[in-house]
Amino acid sequence: MTIAQRYESAKEIYKSMGVDTDKAVETLKNIHISMHCWQGDDVQGFDHKGPLSGGIQTTGNYPGKAGTPEELMDDIDKALSLIPGKHKLNLHANYAIFEEGQFADRDALEPAHFRKWVEFAKERGMGIDFNPTFFSHEKAETFTLSSPDEEIRQFWIRHGQACIRISQFFAEELGQPCVMNIWIPDGYKDVPADRLAPRARFKDSLDRILSIDYDKSKVYVCLESKVFGIGMESYTVGSSEFCINYAANNGILSLMDNGHYHPTEVVSDKIPAMLLFNEKLALHVTRPVRWDSDHVVLFDDETKEIAKEIVRNDAIDRVFLGLDFFDASINRISAWVVGMRNMQKAFLFALLQPNDKLKELQNNSEFTELMMLQEELKLYPFGDVWNYFCEQCGVPGKEDWFEEVQQYEKEVLSKRA
């Protein structure tokens, strides 16, 4: 049977459950995921040559890492050619591109330093999201926006302000809102003597960053929490409670990264709670393995549940979604493609659920039938709908895309220093 024939068969099977597969496919085409540039070069960026710091680490040394803006853009292009749909690009500030002799430190970054990225995005009809980079810098060795050293704190405040201006530049040039996410690696390795003062300084720094004039319909500033990290195992300044409260009181968005909580917490459960009190949310989807280890996103239970909560609560237009992982132990382009396609698979799986019927069973306390049906739906011909979706978008289905990655590695990646 052809892909189209298998799809027609699957369509009838889902129809018997009250699910419109054509609608699901069309909806998925319009779900834009923000693909993170930092998978392509292990979070190195272009504004420094030193090692990663601030709790950021990559493991592995798979050959072919992008070393220049041109190489990174080529690799992004290759990945996007194998991912169905139209998406956004997520940049960190350390990916500024400087002309010879025009280096600017992070507190002096300007839109001009990202013009090549705008040209890249324009040619591909993409939007850009953005992140200030509060790590891998000599002034980030201990604290940043919560630093007791006023000179260091002011440096990072200026960086945050510069990034808002750059974010608005992206939004105006590309005609799409820019999601700008703030995360800091500040905290203590051991038990602190004062938990309040660092958070008070962080609050003041955020107030100063947000005090500049910017268009909130074009720039959505987010604040991302974390439970702990390398070198901040005992105390994190930007805790969940701090970030959620600050965002709620200052008209910005909470960003939840599903690697930034205790191992038994799940973001899928947090999404509906947050939606009751927030018009919009932002997510970074990753795969923690025992801690915030940023593994490649799989088509696993929690990824499915995250997508289900967004779909069943009619929140596709209320949630800004980006991915965040970096694996240097495998082909980096393959990592992008696997992660992005798995997030899309999770959304398609959610769109193919008879959500109204399942809710009705729950409301009627028919839990036996609810459990039965949820389990049986796992074996419905989801894969036939996925392959049809890929065909409709002009990208390879099943595992056929991997041959192109292997060929690209042979012809391009293997020749890099």
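Summary of computed values
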read-out: Neighbourhood net charge (15 Å Cβ-Cβ; Lys/Arg +1, Asp/Glu -1) for residue 366; value: -3
read-out: Protection proxy ranking, peptides 43-49, 90-96, 28-34, average beta carbon neighbours within 10 Å, highest first; value: 90-96, 28-34, 43-49
read-out: Distance from the range 353-417 to the range 106-138 (C-alpha centre basis), Å; value: 32
read-out: Low-density loop cleavage sites - GluC sites (Glu not before Pro) in the range 229-316, where at most 11 other Cβ are within 10 Å (DSSP); value: 279
read-out: Mean separation of Cα contacts under 8 Å, 6 or more apart, over the residue count of the range 98-229: relative contact order %; value: 31
read-out: Spatial separation of Cα centroids for the range 228-244 and the range 175-209, in angstrom; value: 9
read-out: The range 53-124: GluC sites (Glu not before Pro) in DSSP coil with no more than 10 other Cβ atoms inside 10 Å; value: 99, 100
read-out: With Cα atoms, 0 to 90° folded angle of helix 367-376 axis to the chain main axis; value: 90
read-out: Cα gyration tensor shape for the range 32-353, rounded if a/c is under 1.5, else prolate or oblate; value: rounded
read-out: Neighbour-count order for 319, 191, 237, fewest beta carbons within 10 angstrom listed first; value: 191, 319, 237
read-out: Candidates 217, 146, 365, ranked by Gaussian network fluctuation over the chain, Cα under 10 Å, top entry; value: 365
read-out: Förster radius 30 Å - calculated FRET efficiency between residue 70 and residue 403 (Cβ-Cβ, nearest 0.05); value: 0.75
read-out: Links that overshoot a 19 Å alpha carbon limit, given the list 357/398; 49/139; 23/398; value: 357/398; 23/398
read-out: Anisotropy class of the range 34-139 from Cα gyration tensor, a/c 1.5 cut; value: oblate
read-out: Percent antiparallel among DSSP beta bridges (both partners in the chain, rounded to 5); value: 15
read-out: Cut-off under 5 Å, modelled amide H: who pairs with residue 295 long-range; value: 287, 289
read-out: Order of 294, 215 - criterion: other Cβ atoms within 10 Å of each residue's Cβ, fewest first; value: 215, 294
read-out: Helix-only CD estimate at 222 nm, as mean residue ellipticity for the chain, using -39500 (n - 2.57) per DSSP H run (n ≥ 4); value: -13500 deg cm²/dmol
read-out: Dipole magnitude (debye, nearest 20) for the range 29-169, charges at Cβ of Lys, Arg, Asp, Glu; value: 660
read-out: Sequence of 11, 410, 116 once ranked by neighbouring C-beta atoms within 10 Å, starting from the fewest; value: 410, 116, 11
read-out: Cut-off under 5 Å, modelled amide H: who pairs with residue 89 long-range; value: 35, 127, 128, 129
read-out: Greater than 21 Å apart at Cα, pairs in 86/410; 304/359; 29/410; 226/378; 88/218; 11/88; value: 86/410; 29/410; 226/378; 11/88
read-out: Nearest-ten-degree value, helix 150-174 long axis tilted from longest Cα axis of the chain; value: 40
read-out: Distance between the range 6-50 and the range 307-344 - C-alpha centres, whole angstrom; value: 7
read-out: For residue 218, net neighbour charge (Lys/Arg +1, Asp/Glu -1) across residues whose Cβ lies under 15 Å away; value: -1
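Where a number appears in this text, it was derived from the coordinates with a stated rule and is not lab data. Predicted model, so just to flag it, every value in this text is computed and none were measured. Note that each Cβ is placed from the backbone with ideal geometry, even for glycine, and that neighbours are counted across all protein chains shown.
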